[in-house]
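Structure first, then comments.
The values are calculated or read from the model by the stated rules, or taken from the named source; none is laboratory data. It should be emphasised that the depicted structure is a prediction, and the values quoted were computed from it without experimental measurement. Here the Cβ is made from the backbone with ideal geometry for all residues, glycine too, and neighbour counts use every protein chain on show.
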Amino acid sequence: MTGLAAGLRTLAVTAAAGLLALAGTAAVPASPAVAAPEPKAPREFVALDSVDRTILREMRYTTAHTFMGEPVDGYRQPVCLLTRPAAEALHRAQVRLLARGYALKVYDCYRPQRAVDHFVRWARDLADERMKGEFYPLVAKERLFADGYIAERSGHSRGSTVDLTLVRLPAARTRAYVPGEPLAPCFGPYEERFPDSSLDMGTGYDCFDTLSHTEDPRITGEQRANRQMLKGALEAEGFVNLPEEWWHFTFRPEPFPSTYFDFPVARRSVAGH
């Protein structure tokens, strides 16, 4: 065999080996993508019902009865998660209220950042007004950011803020919301608003209207007395009310005053706490 022939043969053998190697590589299936584990809550968080089982729960954001007309991102189960100091303070307030024939009912507690992001996306979609007739009849949707109803951060995400109301005992059962049902304005007469077993607070929960301001002078009589009873019971245990929302209270001092968490609302987030 001449030197030239030998060289050509060597090149052919090398090329064939390379093709076989490529074929072998292509035949190996790609490894499946491994999903990142969901974040869990710090040990300072607990499920409220592990501290007090008598506080009623109507966790709205797991349902379609929201100002968006759909369940909210990050709400996996209808469980109230809070920092332990906030949960224990609610328990103390509940004990006092039970003695008077009333009970607390929570609508929302810890709120993950992904839920707040969902609110923001919805607020920017000006064409989606399916729940306007109940939650913001008098507010133009393009005003929701400027008027402070929607923001890119929420104190709820820090874990010590709760939305709640008062219920007279024995508590009436709240009927389920039926998507597409006729909507009544959240600030309408008590008998016409969606029935949720709450005392008459002058508006429903999550009502985007100035009538929701805790001290609005148009709220008088029994409605004002009910707001003051809720506010007084919670302030006595260290909560501070947001003046623009009669239902919104934050326990102070907050264990996490500047941290906005994003673990899901689910029991597994506080498993073992």
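Failed condition for residue 75, given (1) buried (at least 23 other Cβ atoms within 10 Å of the Cβ); (2) within 27 Å of residue 236 (Cα to Cα); (3) in contact with a Phe, Trp or Tyr (Cβ under 6 Å, 6 or more places away or on another chain), with all others met?
Of (1) buried (at least 23 other Cβ atoms within 10 Å of the Cβ); (2) within 27 Å of residue 236 (Cα to Cα); (3) in contact with a Phe, Trp or Tyr (Cβ under 6 Å, 6 or more places away or on another chain), only one is false for residue 75: (2).
One residue is enough: does the stretch 117-139 have a residue meeting the conditions among the hydroxyl-bearing types (Ser, Thr, Tyr), within 30 Å of residue 45 (Cα to Cα) and in contact (Cβ under 8 Å) with a residue 12 or more places away in the chain?
no
What pairs can you find where one residue is in the stretch 35-47 and in contact (Cβ under 8 Å) with a residue 60 or more places away in the chain, the other is part of a strand (DSSP E or B) and of a type outside the set (A, V, I, L, M), and their Cβ atoms are less than 9 Å apart, with a gap of 6+ or different chains?
Taking only residues 6 or more apart or on different chains, the pairs are 42/83; 44/83; 45/83; 46/83.
Please determine whether any residue of the stretch 194-208 is part of a loop (DSSP other than H, G, I, E, B), closer than 14 Å to residue 137 by Cα and free of Cβ contacts under 8 Å to residues at least 24 places away in the same chain.
Checked against the condition, which is being part of a loop (DSSP other than H, G, I, E, B), closer than 14 Å to residue 137 by Cα and free of Cβ contacts under 8 Å to residues at least 24 places away in the same chain, the stretch 194-208 yields no hits at all.
Using beta carbons and a limit of 9 Å, which pairs, at least six apart or on different chains, have the first residue in the stretch 161-183 and over 14 Å from residue 65 (Cβ atoms) and the second one part of a strand (DSSP E or B) and basic (Lys, Arg)?
164/105; 165/105; 166/105; 167/105; 171/105
When you go through 162, 178 one by one, which is the residue that is assigned to a strand (DSSP E or B) and either of a type in the set (Gly, Ala, Ser) or at pLDDT 95 or above (or both)?
162
Please name all residue pairs, on different chains or six or more residues apart, with Cβ atoms under 7 Å, provided the first residue is in the stretch 85-105 and is closer than 17 Å to residue 226 by Cβ and the second residue is part of a loop (DSSP other than H, G, I, E, B) and of a type in the set (D, E, K, R).
These pairs meet every condition: 93/237; 94/52; 105/58.
Residue by residue through the stretch 93-109, note down the ones that are surrounded by 17 or more Cβ atoms within 10 Å (Cβ to Cβ) and over 15 Å from the mean Cα position of the chain (by Cα).
Scanning the stretch 93-109 gives 93, 94, 97, 102, 103, 104, 105.
With the requirement that a residue be hydroxyl-bearing (Ser, Thr, Tyr) and assigned to a strand (DSSP E or B), what does the stretch 232-273 give you?
Matches in the stretch 232-273: 250 only.
Residues in the stretch 222-230: is at least one surrounded by 18 or more Cβ atoms within 10 Å (Cβ to Cβ), among the small types (Gly, Ala, Ser) and outside any loop (DSSP other than H, G, I, E, B)?
No: zero hits.
Go through the stretch 177-209 and give me each residue that's under 16 Å from residue 149 (Cα atoms) and within 22 Å of the chain's Cα centre (by Cα).
Of everything in the stretch 177-209, those that are under 16 Å from residue 149 (Cα atoms) and within 22 Å of the chain's Cα centre (by Cα) turn out to be 186, 203, 204, 205, 206, 207, 208, 209.
Which one is farthest from residue 206 (Cα to Cα) among residues in the stretch 42-90 that are assigned to a loop (DSSP other than H, G, I, E, B) and among the polar types (S, T, N, Q)?
For the stretch 42-90, the residue satisfying everything is 54.
Kindly indicate whether any position in the stretch 12-21 is out of contact with any helix residue (DSSP H, G or I) (no Cβ under 8 Å at 6 or more places or on another chain), surrounded by 10 or more Cβ atoms within 10 Å (Cβ to Cβ), at pLDDT 95 or above and not hydroxyl-bearing (Ser, Thr, Tyr).
Checking the stretch 12-21: not a single residue is out of contact with any helix residue (DSSP H, G or I) (no Cβ under 8 Å at 6 or more places or on another chain), surrounded by 10 or more Cβ atoms within 10 Å (Cβ to Cβ), at pLDDT 95 or above and not hydroxyl-bearing (Ser, Thr, Tyr).
Please state which of the following conditions residue 39 fails to meet, knowing it meets all the rest: (1) at pLDDT 95 or above; (2) within 22 Å of residue 254 (Cβ to Cβ); (3) surrounded by fewer than 17 Cβ atoms within 10 Å (Cβ to Cβ).
All conditions pass for residue 39, except number (1).
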